[in-house]
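Inspection log for the structure reproduced underneath, given as structure tokens.
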Amino acid sequence: MAITYLIDLSCPVKAHVRTSKMLRLLYQRDRAHEALNKARKRNPQVAAAEVKVLVSLKDSTGKPSLAATNAADVISRFSELDVQSHHCRQCQARVIPQAFGCRGEIEFPISLRAEAWLMGLVHGQASDPTPKMLLSYLASNGIVGHRPKEMRHVPGIFFESNKSLTRRYASGEKLSIDQVLELLFLTEKISPRHARFLLGMFDLYEGNLPLDGDLNSFSGVRVFEKTADGRAVSRAGVRTESDALDDRSLREIKQFFYAMLMACELDAELKVSL
């Protein structure tokens, strides 16, 4: 189980395979490969057709349900998308340098370390206006964190911790990590303008970076370079440089923020789903 996101930049791939189907095929392929790898640890000779896979399908009413199939069938169906992979080689929307790298995932359970890092992005000083702005935005948009809080009732599945981190301000107002999670991951679509707002709110955005110099020369910043006709036209960064102490959850959440930056700079929506 994972949070899935996609930089929805128009491209030749999506002209042939609609976005929703592309995500479904990628998800099913990943599950088939997981099942096949697990089966081959027990029996290296097992055929893909012998490995059962449960995939989510929608019935005629659009209601999702689980259906049993096998790894060979899933991989065969993926060929419809696989033949379009050559279009991805020069795509600017690749968060991960591979075919269909415009899609990424944050796997469950999310670690307490990652939640604490997210909470730490919101400044806590009384003189800083950011918390007040964020709390006002959350209240105006009805973001109270109910769904992440409910997900914690299933221990160890969605979150490492079954308790929500909370910060109380001098004003008496409280900010819960569940509100932050809902803000980031339960909005379904993040527009370029909203992405820029969020990156600024969490003090992660670094814009108008100089075009000269190596992309890795900007200390503490992961840089995205937008190009046109083979030339760099802009550079912007996000303050999510990796750390040796980062766990899987934190690495994947930092990657998500980089995808948010890319979507913002490419003027594309970032689609997010559970």
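None of the figures in this text is laboratory data; all of them are computed from the coordinates on show. Bear in mind the structure is a predicted one, so any value in this text is a computation, not a measurement. Cβ: placed from backbone, ideal geometry, glycine included. Neighbour counts: every protein chain shown.
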ask   = Given a Förster radius of 45 Å and the C-beta distance between His87 and Ala139 as r, what FRET efficiency does 1/(1 + (r/R0)^6) yield to the nearest 0.05?
value = 0.55
query = Can you list the aspartates and glutamates whose alpha carbon is less than 17 Å from that of Lys149, not counting same-chain residues fewer than 8 positions off?
reply = Glu115, Glu160, Asp178, Glu182
ask   = What residue among Leu198, Gln28, Cys11 has its Cα farthest toward the positive end of the dipole of the chain, where the charges are +1 on Lys, Arg and -1 on Asp, Glu, each on the Cβ?
value = Gln28
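What FRET efficiency comes out for the pair Thr166/Asp229, r = Cβ-Cβ distance, R0 = 51 Å, nearest 0.05?
Computed FRET efficiency for Thr166 and Asp229 comes out at 0.55.
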ask   = What value, in deg cm²/dmol to 500, does the helix sum -39500 (n - 2.57) over DSSP H runs of n ≥ 4 give at 222 nm once divided by the residues of the chain?
value = -12000 deg cm²/dmol
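Taking the alpha carbon gyration tensor of the chain, what are the square roots of 5 times its eigenvalues, largest first, to the nearest whole Å?
Details: eigenvalues 222, 133, 60 Å².
Value: 33, 26, 17 Å, ordered largest first.
Work out the FRET efficiency for Ser219 and Lys52 from their Cβ-Cβ distance, taking R0 = 45 Å, and round it to the nearest 0.05.
Using R0 = 45 Å, I get an efficiency of 0.35.
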note = Contour minus Cα-Cα span, Lys174 to Lys41, at 0.36 nm per residue, comes to 43.0 nm
query = From the residues Leu186, Asn43, Ile106, which one has its Cα farthest along the dipole of the chain in the positive direction, the dipole being from +1 and -1 charges on Cβ of Lys/Arg and Asp/Glu about the Cα centre?
reply = Asn43
query = Taking a spot 7 Å from the Cα of Ala67 along the direction of its beta carbon, which residues of segment 2-20 have an amide N less than 20 Å from it?
reply = 17-20
message = Which order do the peptides 101-114, 129-142 come out in when sorted by mean C-beta neighbours inside 10 angstrom, highest first?
response = 101-114, 129-142
remark   = For Asp247 and Asp203, extending 7 Å from Cα along the Cα-Cβ vector and measuring point to point gives, in nm, a value of 2.5 nm
